[in-house]
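To start, the structure itself, in structure tokens.
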Amino acid sequence: MANQYIMNFNTRDLPRCKTDYVILGSGIAGFFTALLAGRLGAGVTVLTKQSILDSNTDKAQGGIAAALDTDDSPELHYRDTLLAGAGLCDRGAVRILVNEGPRRVLQLIDMGARFDVEGGRLALTREGAHSCRRILHACGDATGAEIQRVLNQKALAEQNIQVLERHLAVDLLVKDNVCYGVLAYDCETCRLQVFQSRAVVLATGGLGQLYDHSTNPEVATGDGIAMAYRAGAEVMDMEFLQFHPTVLNLPGAPRFLISEAVRGEGAYLRNGRGERFMPRYHELAELAPRDIVVRAILQEMHQDPEQGVFLDLSHLDPELVLHRFPNINRTCQGYGLDITRDMVPVAPAAHYMMGGVKTNYFGETNVERLYACGEVACQGVHGANRLASNSLVDGLVFGGRIVERTAGLWREPMSPWPDFASDLPEPAEPVDYQLLQRKLQVLMSRYVGPLRNREGLEKVLGYMDECAQSVNTAALTPLAAVTANRLLVSRLVAEFALMRTESRGGHFRQDYPTPRSSWLKHIILRK
């Protein structure tokens, strides 16, 4: 069982900062929530692990989904989301997402987000499993960077918001199932600090860096899920991880995401023999749900491992390609590829966690005064497989609902502060945390990736048992703390995957390759 804390401390000996909201994370969910709260007059402190540019939001290319077109409707968006979710979407959460999404996107535009326009109207594209064009995009294929630009600018200018970069949230300070604040490590001063608040909001993003190949930045190590689980919060649907089908696959190149919008504009997937193969796997071909496209690509790569799989844009209008995908074009050019003519080698990579800290429709967890939104949270809106471009709007909608639910909380007197302390044994000998992390990434990719089976899952869990002694001692450095988080969250993913003896959405068991009606339910665990 995980310890409640991973570093030794005594709050009597530490500086304590009081604020109304402590928000962990500076992506779309964290900063949008902070801005709404700050504009109401609440004091907000945002802690971010590295810089405010290190988020999945900043890396998002394709766009943000909202039913804003006259030919679209929330009902159509609702149906598409349910279909992609493979039977496990929470219908109430989906209704909230599709109905409130347009209003939240318009709020983002009012803040200054500049989405692409055509003929005086918002330019909309289509992506996998969407029945129509409803994806807003910016700068062609740099939607997330534009959203992050606006949110950074507004948050840094808001007088009620304090943004602290390079502050690693270590643990949640919880007593009698009430969250009083956060223990954080200031990476500049190398000292611990306490943040006392009326509400703590987890917006820490995903966990892609648990894997060898990922579209996520280095900070995406599942810290929020680990902290919440140690503090007694429930976690849900941890077996459902989405792998993006098309990530640049070149020796020496970073795992650069090739947006789903490329296929939305008509690009084909071809195998090493030049055959367009997706029509053999699904009636929507390249626009099938992501889990289906991923398994099709892996099947083709398995049949001809020396040849690989490629994206082909050569039949599309070159002007359209260069206008819509300038960032992708620029990156590929750096590796000698002309995307208007050359086949672009691609492979799947870890991308998005559908599961996370269980919340209700207002971001409330089972721990009082602890909230979660964005990728770290799970209220079932994505089911077993997220619909493309539903992630950014998720952060807006459910972050906004947290502020609505807590609007009066910051006017109430702050609860009396109980002291907190931890006294764990220190490591008996040095631990090579980087080697441990690297081996874990390789094993997670091999055995807890898009294709899973009992034997592989048990191998990974066995390795984690071997490592347990190293991480059940006090973490003396940020690297040690993050390693403990990685191990805990990796274990949760593997254990959930072992429990679900069927295949559904982003979870595929080779030994149980079909869905089972008896598994139309969620796995929920707490410490």
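Values quoted throughout were computed directly from the atomic coordinates according to the rules given, and no laboratory measurement underlies them. This one's a predicted model, so the numbers in the text were calculated from it and none came from an experiment. All Cβ positions, even for glycine, are placed from backbone atoms using ideal geometry, and neighbour counts span all protein chains on display.
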Chymotrypsin sites (Phe, Trp or Tyr not before Pro), restricted to the range 255-342: which are DSSP loop and have at most 16 other Cβ atoms within 10 Å? TYR335
Please enumerate, by chain and number, the aspartates and glutamates with C-alpha under 15 Å from the C-alpha of LYS439, excluding those fewer than 8 residues away in the same chain. ASP212, ASP465, GLU466
At R0 = 41 Å, FRET efficiency that the Cβ-Cβ distance of GLN50 and ARG516 yields, to 0.05: 0.45
Karplus-derived 3J(HN,Hα), 6.51/-1.76/1.60, for each residue of the range 441-449, Hz, glycine and proline x: 4, 5, 5, 5, 5, 6, 10, 10, x
Would you tally the net charge around VAL381, using a Cβ to Cβ cut-off of less than 9 Å, leaving VAL381 out, and scoring K and R as +1, D and E as -1? -1
Show me the chymotrypsin sites (Phe, Trp or Tyr not before Pro) within the range 403-453 that DSSP assigns to loop and that have at most 11 other Cβ atoms within 10 Å of their Cβ. none
Based on the inverse mean of 1/r over its pairs of different Cα atoms, what is the Kirkwood hydrodynamic radius of the range 195-255, in Å? 13.8
Computed over the range 244-348, the Cα gyration tensor eigenvalues, each multiplied by 5 and square-rooted, give semi-axes in Å (largest first) of 20, 16, 12
Using a cut-off of 10 Å between beta-carbons, work out the net charge of the residues near MET444 (Lys and Arg +1, Asp and Glu -1, MET444 not included). +2
If you add up the charges near MET354, with Lys and Arg at +1 and Asp and Glu at -1, over every other residue whose beta carbon is less than 12 angstrom from its beta carbon, what do you get? -3
Scaled radius of gyration (Cα, divided by 2.2 N^0.38 Å) that the range 428-527 gives: 1.19
Quick one: what are the phi-derived ³J(HN,Hα) couplings along the range 48-56, Karplus 6.51/-1.76/1.60 with θ = phi - 60°, whole Hz, x for glycine and proline? 10, 5, 10, 9, 6, 8, 8, 8, 5
So what's the projected area for the chain, the Cα convex hull averaged over all directions, in nm²? 23.4
Starting from the amide H of VAL309, placed 1.01 Å from N in the peptide plane, find each other amide H under 5 Å away whose residue is 5 or more places distant or on another chain. VAL346
Output the pairs from LYS59/LYS527; LYS459/LYS527; LYS18/LYS154; LYS175/LYS358; LYS59/LYS154 with a Cα-Cα distance over 28 Å in this structure; if there are none, say none. LYS59/LYS527
Which is the longest stretch in the chain that no exposed loop site breaks, taking sites as GluC sites (Glu not before Pro) with a DSSP loop state and at most 14 other Cβ atoms within 10 Å? 307-527
Integer Hz, Karplus 6.51/-1.76/1.60 couplings in order for the range 211-221, x for Gly and Pro: 10, 5, 10, 8, 7, 7, x, 4, 6, 7, 10
